[in-house]
Amino acid sequence: MIKLVKPYITDQDNGAINAYLKNLITGEDIDAITEFEKNFSNYIGVKYCRALNSGSSSLHIALLSLKVGNCDEVICSTHTCLAILNAIKYVGANPILVDIKYDVANMNFNINENMIADKINRKTKAIIIPHMFGVPADIEEIRKFNIPIIEDGTLSLGAKFSNSRLIGSIGDISIFSLHKSKVISADVGGVILTDNEEYKNEIDKLLDYASSQNYTLNYNYTMGDLNAVLANKQLKRIREFIRMREENANRISEILSVNKNLKLPKISKNHIYFRYLVELPDYIAAEEVVKKGYEYEVEFGRGVYPALHNYIGLDKNIFVNSEKAQKRIVSIPVYPGLKENEIKFMCNTLLNIVTRGEKK
Ligand SMILES: *Cc1c(COP(=O)(O)O)cnc(C)c1O
């Protein structure tokens, strides 16, 4: 089976983990977490960084540190990961979902910023901006609303805004998941970053036990050392990872371009190919392609499925572009480590499925 997602783990990672475990045996203490936090904050270009045990807990801490609570409202794109909906619910707030753009050529399925203004009222406490699939959202437009922004950079680690700053460096707080299905892997893990001293103090207070004589509610969310060892090793190779994704994407485009009914992405240098998303011709549904793919042992995906509004039973007609993306967009494996014969096989599989659909 050619899987849709796979971490790129090599002997280098193995060596680092073995060395760490050997040090444990000899009783040597290595603070891998602090080292990783330093490296990650240097990479993104944000002052404060804490390594946590998941993207979900990072989102939870981000909302708590902004003091988002019961009956507050948090604005977010509907076309994203369930973890974001969960985090909003953890703090008792209400998710206010917004439809997305539908720009296949630029692979831009991020929040439609023109639909945000109408959603803002005195209960609005934060906007969560997930940069989806490797493509940055238009954060400058969203900053104009003057609502605290949480960037979720999980699916676009290493991508840049048009001003060349890395995503994750502009929001009031930003988070990343380092789960093994993401850009770099800590096996499980997350990161929270901020340049704001006040938020930084809140974050530390929420995470650290025994930091005060008075009782405050703490969360045991920090990353494990072993995860930090892996995360550090992976972060050092991020440029290589991104380059390999781009090479795979170019190869995929080359093969798929023979079928003019498929609409392919042509994305710019600032983006990363976390996903390679194709628009299918209207005679074949994404659902069918995913199902047929399994018959050939190729795992195709649907980008996001289901979107958040589907989980909470909101009217589908309000989320036109997300619905269209769920029906017409398929996601093709593009991760580092894919071999040429695998790329050929899965692309030919897609071409076969689509061509056969045409003749029906
Ligand atoms: C996976 C993901 C998360 C959740 O991260 P976990 O580490 O699995 O908790 C959050 N946001 C986005 C955009 C994700 O893709």
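Derivation of every value follows stated rules applied to the coordinates shown; laboratory data play no part. It should be emphasised that the depicted structure is a prediction, and the values quoted were computed from it without experimental measurement. Because the Cβ atoms are built from the backbone with ideal geometry, glycine has one as well, and the counts that use them run over all protein chains shown.
Couplings 3J(HN,Hα) for segment 103-118, derived from phi with the Karplus relation 6.51 cos²θ - 1.76 cosθ + 1.60 (θ = phi - 60°), are 10, 5, 4, 9, 6, 9, 10, 8, 3, 7, 5, 6, 9, 7, 3, 5 Hz, where x marks Gly and Pro. Computed 3J(HN,Hα) for segment 308-322, one whole-Hz value per residue from the Karplus formula 6.51 cos²θ - 1.76 cosθ + 1.60 where θ = phi - 60°, is 4, 5, 5, 5, 9, x, 7, 4, 4, 5, 7, 10, 4, 6, 5, glycine and proline marked x. Translational diffusion of segment 1-118, estimated by Stokes-Einstein from the Kirkwood radius over alpha carbon pairs at 10 °C in a medium of 1.306 mPa s, is 88 µm² per second.
A cut-off under 15 angstrom between Cβ atoms defines the neighbours of GLY189, and their net charge, with Lys, Arg +1 and Asp, Glu -1, is -2. One Cα centroid belongs to segment 117-148, the other to segment 255-322; the line between them spans 24 Å.
Comparing the chain with the 2.2 N^0.38 Å rule of thumb, its C-alpha radius of gyration ratio is 1.01 (two decimals). With a ≥ b ≥ c the root eigenvalues of the C-alpha gyration tensor of segment 37-95, is it rounded (a/c under 1.5), prolate (a/b larger than b/c) or oblate? Cα axes put segment 37-95 in the prolate bin. Which of the pairs LYS233/LYS266; LYS119/LYS316; LYS125/LYS205; LYS47/LYS233; LYS89/LYS266 have their Cα atoms more than 25 Å apart in this structure? Where the Cα-Cα span goes over 25 Å, the pairs concerned are LYS233/LYS266; LYS89/LYS266. Each other residue within a Cβ distance under 11 Å of LEU66 adds +1 if Lys or Arg and -1 if Asp or Glu, for a net charge of -2. Relative to the longest principal axis of the Cα atoms of the chain, the long axis of helix 32-44 lies at roughly 60 degrees.
Over all other residues within a Cβ to Cβ distance under 10 Å of GLY171, the charged ones net out to -3, with Lys and Arg as +1 and Asp and Glu as -1. Distant-in-sequence amide contacts of GLU151, defined by a placed amide H-H separation under 5 Å and a gap of 5 or more residues or a different chain, comprise ILE129, GLY171, ASP172, ILE173, SER174, ILE175. Restriction of the chymotrypsin sites (Phe, Trp or Tyr not before Pro) in segment 198-252 to DSSP coil positions whose beta-carbon has at most 13 other beta-carbons within 10 angstrom yields TYR209, TYR215.
Applying a DSSP loop filter and a limit of 15 other Cβ atoms within 10 Å to the trypsin sites (Lys or Arg not before Pro) in segment 197-270 leaves LYS236, LYS260, LYS266, LYS269. Pairs exceeding a 26 Å alpha-carbon distance, out of LYS144/LYS236; LYS67/LYS324; LYS38/LYS180; LYS6/LYS269; LYS160/LYS182: LYS144/LYS236; LYS67/LYS324. Our coupling estimate for segment 159-167, obtained by passing each phi through the Karplus curve with A = 6.51, B = -1.76, C = 1.60 and θ = phi - 60°, is 7, 10, 6, 5, 8, 6, 6, 5, 5 Hz, Gly and Pro reported as x.
Among rounded, prolate and oblate, which fits segment 99-234 when a ≥ b ≥ c are the square roots of the eigenvalues of its C-alpha gyration tensor, a/c under 1.5 means rounded, and a/b larger than b/c means prolate? Oblate, because a/c is 1.5 or more while a/b does not exceed b/c.
Of the trypsin sites (Lys or Arg not before Pro) in segment 51-146, the ones in a loop by DSSP (not H, G, I, E or B) with at most 14 other beta carbons within 10 Å are LYS67, ARG122, LYS123, LYS144.
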